[in-house]
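What follows is calculated from the coordinates using simple rules that are stated; it is not laboratory data. Because the structure is a prediction, the values reported are computed rather than measured. Don't worry about glycine lacking a Cβ; one is built from the backbone with ideal geometry, like all the others, and counts go over all protein chains shown.
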């Protein structure tokens, strides 16, 4: 699944790690690294940003997904858990690729469009 997403983004020679955790674990990461309280559904930690982006160019980064939040969101919207999980994985990988929906409206729209294109691979 993740390789299909990476291939569609033209990232054939990169690696990423995926951590699936519960709300308590992602809450700790959310507070420590983003300064936010409580659980969230997905957090991405890009390895190709910061002071040394070229040290390991094949490492795209880490995606952390709370299965507990994903399950809750899926049930609240009547969505299949697997599809919600894939949406969150796509979202996290897009963040690793530099998409950012929080900084400006144009980037948010671009990220949403790319996300829909990638989700079409799984429908």
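Taking other Cβ within 10 Å of each residue's Cβ, how do 16, 121, 34, 29 sort, fewest first?
On the way: 16 23, 121 13, 34 10, 29 19.
So the ranking, lowest neighbour count to highest, is 34, 121, 29, 16.
Please give the FRET efficiency for residue 117 paired with residue 72, using the beta carbon to beta carbon distance and R0 = 22 Å, rounded to the nearest 0.05.
0.25
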Over region 22-123: Rg over Rh, Cα atoms, Kirkwood Rh: 0.98
